[in-house]
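Below is one structure, written out as structure tokens; comments come after it.
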């Protein structure tokens, strides 16, 4: 019986793949740090556990892409399309999320520590067990959002909309929760 060779890690650090059609590509565990993926078509791409540290994904189409447990620290996602994307367990510290619609995205167990999500539409988003410690969520739309077990310690939640949100088990110690609209506190507070 012949042994199968070990799967090699795709090393595309600092590659310029801007505007490339990479739809459905298999980049699980790939090294894409510093890569230029501006306006690339990455819909339904498998980027599980990929290293996208400081990658430029601005304007990229990541519809339905799987970025679970990816390291996206310091990356630019400005104007990226994330409809139906899975970012569960992803490290999103210092990510540029300007002009990004996160509505309905799976961000469960992701690290959004000190993220600026001010004014973001996060309605119906899965933020279960997410690390939002010190995050700025002022004026964010969190209606219908799953925040069960989320760490919101020290987060800014001024003038947020929380109607229908689930906060069971969420840690809001030290959070600034002035002028909140319609939370369902459940048993979590």
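The values are calculated or read from the model by the stated rules, or taken from the named source; none is laboratory data. This structure is a prediction, so every number in the text was calculated from the model and none was measured. Here the Cβ is made from the backbone with ideal geometry for all residues, glycine too, and neighbour counts use every protein chain on show.
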(request) Please work out if residue 123 is assigned to a loop (DSSP other than H, G, I, E, B) and in contact with a strand residue (DSSP E or B) (Cβ under 7 Å, 6 or more places away or on another chain). (result) yes
(request) For residues that are in contact with a strand residue (DSSP E or B) (Cβ under 8 Å, 6 or more places away or on another chain) and in a loop (DSSP other than H, G, I, E, B), tally how many sit in the range 65-80. (result) 10
(request) Could you identify the single residue in 104, 119, 174 that is farther than 20 Å from residue 79 by Cα and surrounded by fewer than 20 Cβ atoms within 10 Å (Cβ to Cβ)? (result) 174
(request) For residue 61, state whether it is surrounded by 21 or more Cβ atoms within 10 Å (Cβ to Cβ), over 21 Å from residue 111 (Cβ atoms) and either modelled with pLDDT under 95 or touching a strand residue (DSSP E or B) at 6+ places or on another chain (Cβ under 8 Å) (or both). (result) yes
(request) Filter the range 96-112 for residues that are at pLDDT below 95 and either in contact with a strand residue (DSSP E or B) (Cβ under 9 Å, 6 or more places away or on another chain) or within 15 Å of residue 43 (Cβ to Cβ) (or both) and give the result. (result) 96, 97, 98, 100, 101, 102, 103, 104, 105
(request) Name the one entry in 164, 174, 84, 169 that is outside any strand (DSSP E or B) and under 23 Å from residue 58 (Cβ atoms). (result) 84
(message) Can you say whether residue 178 is free of Cβ contacts under 8 Å to residues at least 24 places away in the same chain and under 18 Å from residue 52 (Cβ atoms), as far as the supplied structure shows?
(response) no
(request) Return yes or no: is residue 11 closer than 22 Å to residue 112 by Cα and at pLDDT 95 or above? (result) no
(message) Against the conditions (1) at pLDDT 95 or above; (2) under 11 Å from the mean Cα position of the chain (by Cα); (3) surrounded by fewer than 19 Cβ atoms within 10 Å (Cβ to Cβ), where does residue 93 fall short? Just the number, please.
(response) (1)
(message) Checking the structure you have, find out if any residue of the range 46-63 is part of a loop (DSSP other than H, G, I, E, B), at negative phi and within 9 Å of the chain's Cα centre (by Cα).
(response) no
(message) Among the residues in the range 1-9, are any part of a loop (DSSP other than H, G, I, E, B), under 14 Å from the mean Cα position of the chain (by Cα) and surrounded by fewer than 21 Cβ atoms within 10 Å (Cβ to Cβ)?
(response) no
